[in-house]
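Just so it is clear, none of the values below were taken in a lab; they were calculated from the coordinates. For clarity, every value in this text was computed on a predicted model and none was experimentally measured. Here Cβ is always computed from backbone atoms with ideal geometry, including for glycine, and neighbour counts include all displayed protein chains.
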Number of protein chains: 2
Amino acid sequence: MELSQRKRMILQAIVEDYIATAEPVGSRNIAKNHDLGLSAATIRNEMADLEEMGYLEKPHTSAGRIPSELGYRFYVDSLMQRYSLTVDEISGLQRTMDRKYDQLEGVISEISDVISKVTKYPAVVAFPKEKKGRVRSVRLILIEERMALVVVVTDAGVVKNRRIRFSSDIDYSAIDAVSSFISKNLAGLSAADITPARVMLMYEAMGEYGELLKIVVSFVLECLKEDYARVYIGGASNILNNPEFSDIDKAREFFSFMDSRENVGKMLSLMGDDSDNISIKIGSESGVESMKDTSIVVANYHVGDKLRGKIGIIGPTRMDYARVVSSLEMINDRLVEILGRMMGQE
Amino acid sequence: MELSQRKRMILQAIVEDYIATAEPVGSRNIAKNHDLGLSAATIRNEMADLEEMGYLEKPHTSAGRIPSELGYRFYVDSLMQRYSLTVDEISGLQRTMDRKYDQLEGVISEISDVISKVTKYPAVVAFPKEKKGRVRSVRLILIEERMALVVVVTDAGVVKNRRIRFSSDIDYSAIDAVSSFISKNLAGLSAADITPARVMLMYEAMGEYGELLKIVVSFVLECLKEDYARVYIGGASNILNNPEFSDIDKAREFFSFMDSRENVGKMLSLMGDDSDNISIKIGSESGVESMKDTSIVVANYHVGDKLRGKIGIIGPTRMDYARVVSSLEMINDRLVEILGRMMGQE
DNA sequence: GTTAGCACTCACCATCTCTGAGTGCTAACA
DNA sequence: TGTTAGCACTCAGAGATGGTGAGTGCTAAC
């Protein structure tokens, strides 16, 4: 059933008042504060309808109404006004983000602090995940006898390294030869391309350094396979500024969840990552039991086809969606810019 | 003034009861639960003395006594019994830590989860800091045109990498030459050794790749200088299991502090890092205003002279010190073992 | 269809009292 | 002289009580 224009206005007023005050909203207050040209009694009738239709609920008989999940959903989809950040907010943001980053890791981990500072909600950032990684380059660096460092650079620009040990003696020039042999043979390949047959061929060509090859290849495969997105969390304590978390049990539930980066990562991966749009999960929509009282707002960032990741915030369902969405969009744009520059795409 | 044997026993009983129950301890209870062969009245007299001496305090007239910071300090220094972990605890710990770690980063970040799981308190781990780093090896890896990866391996086994861009064209073999030239010239040097004069000499020898050299050298210097210890935090939500943090303001203070890794790092660096011993800061001893209601227990780990770092926990002043100390010792030993193996010192 | 009026509900707050754990002091005991 | 029993006193915390006010739903009039 369609909502009448009047019902929409009232619903919007209720959601916005509730977001602002965290207090159940009564008909009188709406009549007074928003001049809709309606009396409290009329609004009361409409509110009763809205409640029946599932958009509102009552904490108890003699309190005002609060939006239900459905109410928020409708608000977010159809009523929410675009919020424009103030000049101060924008310039503050620019200033914060306008520093020299030089490591991918650095940007990503600091961006979570930026987000939480701007939105006043806990922020989560997923480290970029490579779509379908291919090897760009593999290097071996001897660091002491029988111990080397393998550095793998992938398509997506992700760099990984690991220390390996092996049993055969090898000198500097030999390891360079091995290194470029491996690199040449693996360059451009995806995990699927590195078949046992191909490895076998390489193995035979390697002669005495076959053992070394095996270790390196298994590490490379691991790098390509890696799907686990690292997650950074910033400003988690911000959640405590919201009265819905002054109940210590609620707070504990939240922080326990956030303690596990794995949990958070899983939750993030449940959010759509298809589009340029911002996705919002309200309350139980996230499908995560212990987050049923929180909402999650996530933006996807990507640099060309290479990097892909998410930034977002977690807050109470009673969240300032309009403001959060605008802020996230803004930060996301800026982030993509920075990453793009870092990836050398000017 | 020396404490009589009897006062010591009573103080110990009070501290331990208070740690166990979080309730102020009354004379009657001590008389009943610990058979010291004394009546409640006698204990009362002694308690009055202990209070006068500063070891105990009263939340209010008709409550029992709780230990003051001085009381905890005396307990920790002189009364605390060694706690032996149970067989279950030990085997659980062994099992948790007995997995294949392969990146330094991985061990360090997971160890914080282990610590918090074992102790039930929030855990902090400082990523190893190099004492006085020297360059072991510098490598340049071309990843696309005019873009390379610099990998620096130091003495301490720390590996860092950064993407750099430069304006001159260079091919694979040339960059290898540049790479080994730089590496040879910097190997074994500390930050102090890399003087402008020396860099100038290298610069002249480099010819057209001088610009590249400058970028690389400045990154190397940064790697050597880096003093900032990364910090990992695990199980922060555990703090909420302690009744002293059911006050939301206390909780917020704690989490705000923990939100900033920098804060935590600074606090850790205030703890002594001289010895093999575990150091304990009780309440305001930490010198950090917002942590005045918490205690910090830290163990130093090191692998030879190379790696140096800290693991520890943060909890309420009413903390099970005995248990925490033993657990940390145990975990620390195990960690050193793992790191030692990883660093190839078998 | 809208609104004024009114009875009713109920969380919240302040106030009060009661209870019990704990203290300090005194006097008796070993 | 140190220890203990006894007792009056204190005070936080838990309930009980009642008043207040914001809010509702319903009815009747506009």
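Calculate the translational D of chain A in whole µm² s⁻¹ from Stokes-Einstein, where the hydrodynamic radius comes from the Kirkwood formula applied to all Cα pairs, the temperature is 25 °C and the viscosity 0.890 mPa s.
D = 105 µm²/s.
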Practice item. One decimal, nm, shortest first: give the distances between the label point of B:D193 and those of the same position in the other copies, each label point 7 Å from Cα along Cα→Cβ. Key: 4.1
**Study point:** Spatially close lysines, pair count over region A:251-346: Cα under 18 Å, gap of eight or more or interchain
**Key:** 5
Review point. Helix B:87-97 sits at what angle to the longest principal axis of chain B, using alpha carbons and giving 0 to 90 degrees rounded to 10?
Key: 20
**Study point:** Dipole magnitude of the protein assembly as shown, debye to nearest 20 (Cβ charges: Lys/Arg +1, Asp/Glu -1, about Cα centre)
**Key:** 280
Check your understanding: With Cβ to Cβ distances under 15 Å as the rule, what net charge do the other residues near B:E244 carry (K, R +1; D, E -1)?
Key -> -2
Study note, to complete from the structure: Checking rank on A:307-318, B:16-27, with mean other Cβ inside 10 Å and highest first, the result is A:307-318, B:16-27
Study note, to complete from the structure: Nearest-0.05 FRET efficiency for A:I215 and A:E337 at R0 = 35 Å, using Cβ-Cβ distance, is 0.35
Check your understanding: If one puts a single equal scatterer on every Cα of region B:5-79 and applies the Debye formula without solvent, what log₁₀ I(q)/I(0) results at q = 0.12, 0.16 Å⁻¹?
Key -> -0.25, -0.46
Check your understanding: Per-residue mean of other chain beta-carbon atoms within 10 angstrom of the beta-carbon, peptide B:146-153?
Key -> 3
Check your understanding: Given the convex hull of the Cα atoms of region B:198-332, what is a quarter of its surface area in nm²?
Key -> 11.2
Review point. Fewest first, what order do B:I182, B:I215 take by the number of other Cβ atoms within 10 Å?
Key: B:I215, B:I182
Exercise for review: Could you list B:E329, A:E211 in order of exposure, starting from the residue whose Cβ has the fewest other Cβ atoms within 10 Å?
Suggested key: A:E211, B:E329
Exercise for review: Return the distance in nm (one decimal) between the two label points of a simple spin-label model at B:D98 and A:L70, each offset 7 Å from Cα along Cα→Cβ.
Suggested key: 5.5
Exercise for review: Please state the charge dipole magnitude for chain A, taken about the Cα centre, from unit charges on C-beta atoms (+1 on K and R, -1 on D and E), reported in debye and rounded to the nearest 20.
Suggested key: 200
**Study point:** Calculated P(r) tail over 44 Å for the protein assembly as shown, as whole % of Cα pairs
**Key:** 37
Revision key, fill the gap. Distances in nm between the label point of B:A20 (7 Å along Cα→Cβ) and its equivalents in the other copies, shortest first, are 5.6
Exercise for review: Would you mind listing the distances between the B:R341 label point and the same position in each other copy? Use 7 Å along Cα-to-C-beta, nm, one decimal, shortest first.
Suggested key: 4.5
Exercise for review: Could you give me the radius of gyration and the Dmax of region A:158-238, taking only the C-alpha atoms into account and expressing both in angstrom?
Suggested key: 16.5, 59
Practice item. Kindly state, to the nearest 0.05, the FRET efficiency for A:D49 paired with A:D77, given R0 = 22 Å and r defined as their beta-carbon distance. Key: 0.70
Check your understanding: What number, in percent, do you get for the relative contact order of region B:135-225 if the mean sequence gap of Cα pairs under 8 Å and at least 6 apart is divided by its residue count?
Key -> 30
Check your understanding: Roughly how crowded by other chains is peptide A:258-267, in terms of the mean Cβ count from those chains within 10 Å of each of its Cβ atoms?
Key -> 2
**Study point:** Angle between chain B longest axis and helix B:196-206 axis [Cα atoms, degrees, rounded to 10]
**Key:** 40
